[in-house]
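Before any comments, here is the structure.
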Amino acid sequence: MLTLLIGALATGVVGCEDTTSGSPTTSSSTTAAQALFNPCTEIPDDALRGAGVDPATEEPGIAGVPQSGWEICNWEGSRYFVSVFTTARTVSDFENKPGNVDFRDVTVAGRAGRQFKVEGASKDLLCDVLFPARQGVIQLRVSNKASINNLEEPCATLYRVGGAIVPVLPQ
């Protein structure tokens, strides 16, 4: 499962890089990356517990590795993982990325966002919602644990989890 989660997380991050003459580049400067909301340090433990995840399971980056142009943090609950990604990219960047599908407007905890899924084997285990913010985008992801039976639909879980996390995210 960890390999599946890491692969799915990497798909969301690596796939959004800009390209110039076929070479990957980043669209945000070091200064912009430093200004990103850091979910590991700025989401309170009470909000995480309210979302059903254990603050002690915090893992920054992807498998502990920071990603240039992103702030990423992941936490584990008994039936799912919650991940929060922040980037200077736009919702349009995500909509134009091949493999991101099923976009629709949603409201989570009173905040408008764009829900989508990532194509592939984990599609039925993941749900993502993008929230536009001054700094770019904040992405909330719920990843159901593949080893658990009778799982709630991941987007239903995300809406419930979002009730605790979305109110603490910057606009």
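Residues within the reach of a label modelled at ASP124 (point 7 angstrom out along Cα to beta-carbon, backbone nitrogen below 20 Å), restricted to the stretch 148-166, are 148-159. Once the Cβ-Cβ distance of ASP105 and ARG79 is raised to the sixth power relative to R0 = 41 Å, the FRET efficiency obtained is 0.95.
In terms of its C-alpha gyration tensor, the stretch 86-138 comes out oblate, because a/c is 1.5 or above while a/b does not outweigh b/c.
Any read-out appearing in this document is the output of simple, stated calculations on the displayed coordinates, not a laboratory observation. Please read all numbers here as calculations on a predicted model, not as lab measurements. Using ideal geometry, Cβ is built from the backbone for each residue, glycine included, and neighbour counts are taken over all protein chains shown.
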